[in-house]
Structure formats: C-alpha cells, structure tokens
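I have placed the structure first, in the form of structure tokens, so that the comments after it can refer back to it.
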Amino acid sequence: MTAAGRWGSRLPPVVWDSLLPTLLLFNVVTTRAPQELPAAVALTAALALPLVWRRRAPLTVFGAVAAAAFVQWLMDVQLPADIALLVALYTAAANSGRRGTLVAGAIVEAGVLLACLRWAAEGAFLTPFVAVTAMAVAAAVLGVNVRTTRAYLAALEERAARLEQEQEQQARLAVAEERTRITREMHDIVTHNLSVMVALTDAAVYAQHRSPDRTTTAMLQVSETGRQALTDMRRSLGILRTDEPDAERHPLPGIAQLETLADQMCAAGLPTRLEVHGGHTHIPATAQLTVYRLVQEALTNSLKHTPTGTHAKVRIRCSTETVTVDVTDSGPCPPLPAATPSGHGIPGMRERSAAYGGKLRAGPLPGGGWGVHTLLFLGSSGAASA
C-alpha cells in the first residue's frame, strides 16, 4: 500500500481528475437502455468531462457544469453525473474567494430547489431537499477549509522564508562586523608595535658604538614589544589555546595599562606624560579597551609623523557616566593622517568612539601640534550605540 501510494503521488493531477468522468461515462454506458443512451452519454460527458480542467479554471468549469445541469433539467433526465456539480462547487470554493464561493453556492442551491420540485416524490419534497442541500453545504465547507489551510500553510512558508532570509542577513552583518573589528584590532596592534619596534631599532643602531648598554636595552624592548604584539594578535583572532600561559598573564589592556604604554612610547623616542583623573575600576573592560586603543593609535600617529623632540600628553577624565580622552602632541606640523584620510587609523578611532555614542575630533591645534579628543558615554545611550 505504501508503494502504491508513492506511485500514485507521482501521477499528474489531470490523471486523478480524469478518473471520475471515466467512471461516470462507464456507468451510463453500462446501465442505460439503448434508446436513452445517446442523450445520457451526451449529458454525462457535458457534466463530467469539464472536471478534467477544474484545477486550471475552477470558476469556468463550474459554470460549464452548471449550464450542463440546467440543460439536463430542461430535458427532464436524471443522471448519476449530477455529482459533478458538487465536485465543481468544492473546487470553486477551494480556489476562489468568498464572493465566488457564495455565487457558486447560490447557483447550486437554486439547482437543488429546481431538481427537488421536478423529481421529488409526491409529498416528499423536504427530505431530499434537506439532504441534497446538506451535501452542497458540505462540499462548499470542505472547499473553504482547504483554501484556508492552503493560505495558512503559504503564510507559514513565507514567514519561514522571511525569517531564514533575515537570519542570513544577520549572519552576514555579524560576519562583516567581526571582520571590521578584527581589521581594526589588527591595524592598531600591528601599526603601534611595528612603529615602536622601528623606533627602538633605529635608536639601537644609532647607539651601538657610543652606548652598548642602551643598545642592549633597546633590543630587549624590541623583543618584548614583539612578544606583546603576538599575544595581542592571538587574543584578537580568538585562536588562543589553554596551554598558553603567556596569554593568561596578559589580560585585555585597559586604563591601568596606559602607564606602561606611555613608558613604551618614551623608550621609543616620544616623551609622553599621562594624567588620569577619577577612578576607573567601575568602567567596563570593553570601554577600557576602547580608551586604550584610542590612546595607542593617537600616540602611534604622533610617533610616526612628528620629528624628534616632540612631546605628547594624555589626559583621561573618568566619571560615573562618561570617559573623556584627550591626546595632544607638540609637533610643529599636523601628522600625516590629515593628508591621507583613506587610512584606517582615524576612521577606526571614529568607529570605536561612535560605539559609545561619542564623536571624535582629530586635527591640528591652534598653537601647533595635533590633538585628539572624544567623550565616551557609559550609560544606556552608549550601550545602545554599541
């Protein structure tokens, strides 16, 4: 039975729609008297054969079947093929709107009334009328239920497709956002550490004959900077393993690590003064990382694009709701990023600041030098922006 059901489901719908007309024609051919056969076969064909196309044009087929039934009534011929009118009504109700169903039902009900008036037995009008009316109502209700179920399933499929599309879009946005975050982190880490390493290497080469001790110290700092860069890169890419104790000893950098950063910049040739006002223990780790990266990028730009003898100043003001970041240097001319806006430095700083509702200002100072200023919001506005 299962194999037969699978085989039957593979047949085209027109084959199933042709089954009832075939049975009705076979019945009339085998049961009618020879003198009645031509009219009976013609009326049966007119009633049943349109059902073959009922799925393609339900209302047109219903009209054809109803017209054939009216001709049958005029010729005063009773046929089993009248069941085709119920099938056509069911099809019209299942594939048309409320108005089409009501019109088709009214036509069928009028036909039931005419048929019972002509062919019901004497004094037995009510019983066949109620019975046939119930059959017509059942056919219409079944059709409406099929249409409703079909529309409900279509709505569910559309909703599922829409949800799947939204999930794919969210996944793509998440991937793009993660790529942007990794790119920004890699830019900050690589640019800063390479700039420091280049400055320390130049200083070591310059001092190798005059002060070997300073050369050794500079090269040790280069090595330590390289190790720190590797640790930060592994952490940012999310590929740290539990058996790497070096990474466990270095938490995410924050405001507390700005002093180490200032010392590193001093060693690289950019004397940096750090001022932190207010407590920062209540500031979330992600916000502290943002502050650290902003200061790191600003100092790296100063190190790369200002001449020897430039001094830098970092001022951090912490409150319960905001963090203010100011980084300035005393260079005689504005740093190169102002002339090359296509780089990732300042745009990345703007993105980090915007994540906490802040607007970054970066540009030359009135008295000379370069300044970076932003205000980060730690409350609901900043979280919403993030």
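Note on segment 74-94: residues that are of a type outside the set (A, V, I, L, M) and modelled with pLDDT of 90 or more total 2.
Put simply, of LEU49, LEU59, LEU113 the only residue that is in contact with a Pro (Cβ under 6 Å, 6 or more places away or on another chain), part of a helix (DSSP H, G or I) and either over 21 Å from TRP16 (Cα atoms) or open to solvent by 70 Å² or more (accessible area, probe 1.4 Å) (or both) is LEU49. Might you check whether a residue that is buried (at least 20 other Cβ atoms within 10 Å of the Cβ), under 60 Å from the mean Cα position of the chain (by Cα) and within 30 Å of TYR152 (Cα to Cα) occurs anywhere in segment 23-38? Looking through segment 23-38, none of the residues is buried (at least 20 other Cβ atoms within 10 Å of the Cβ), under 60 Å from the mean Cα position of the chain (by Cα) and within 30 Å of TYR152 (Cα to Cα).
Across segment 221-259, which residue is surrounded by the fewest Cβ atoms within 10 Å (Cβ to Cβ) among those that are β-branched (Val, Ile, Thr) and at pLDDT 75 or above?
Across segment 221-259, the extreme among qualifying residues is VAL222.
In a residue-by-residue description of segment 173-185, the property of being part of a helix (DSSP H, G or I), touching a Leu at 6+ places or on another chain (Cβ under 9 Å) and under 28 Å from GLN296 (Cβ atoms) applies to at least one position. Restricting attention to segment 63-73, the residues that are open to solvent by less than 50 Å² (accessible area, probe 1.4 Å) and either closer than 17 Å to ALA115 by Cβ or at pLDDT below 90 (or both) total 5. Scanning segment 347-369 for residues that are over 22 Å from ALA312 (Cα atoms), free of Cβ contacts under 8 Å to residues at least 60 places away in the same chain and crowded, with 17+ Cβ neighbours inside 10 Å returns GLY357, GLY358. Among the residues of segment 150-187, just one is more than 21 Å from LEU289 (Cβ to Cβ) and surrounded by 12 or more Cβ atoms within 10 Å (Cβ to Cβ), namely ARG150.
The set of residues in segment 301-317 that are in contact with a His (Cβ under 9 Å, 6 or more places away or on another chain) and open to solvent by 20 Å² or more (accessible area, probe 1.4 Å) comprises LEU303, ARG315, ARG317. Being part of a helix (DSSP H, G or I), touching a helix residue (DSSP H, G or I) at 6+ places or on another chain (Cβ under 8 Å) and among the acidic types (Asp, Glu) is a property that ASP188 has. Taken together, VAL130, VAL198, VAL190 contain a single residue that is open to solvent by 40 Å² or more (accessible area, probe 1.4 Å), within 30 Å of ARG352 (Cβ to Cβ) and without any contact (Cβ under 8 Å) to a residue 24 or more places away in the chain, which is VAL198.
Of all residues in segment 103-127, count the ones that are in contact (Cβ under 8 Å) with a residue 40 or more places away in the chain and under 15 Å from ALA88 (Cα atoms).
So the answer is 4.
The set of residues in segment 260-279 that are at pLDDT 90 or above, open to solvent by 40 Å² or more (accessible area, probe 1.4 Å) and closer than 17 Å to THR308 by Cα comprises PRO271, ARG273.
The values are calculated or read from the model by the stated rules, or taken from the named source; none is laboratory data. Everything numeric in this text was worked out from a predicted model, so none of it was measured. Cβ atoms come from the backbone with ideal geometry, glycine included; neighbour counts cover every protein chain shown. These area figures cover heavy atoms from the full protein model, side chains too; ligands, DNA and RNA do not enter into them. Shrake-Rupley method; radii C 1.70, N 1.55, O 1.52, S 1.80 Å.
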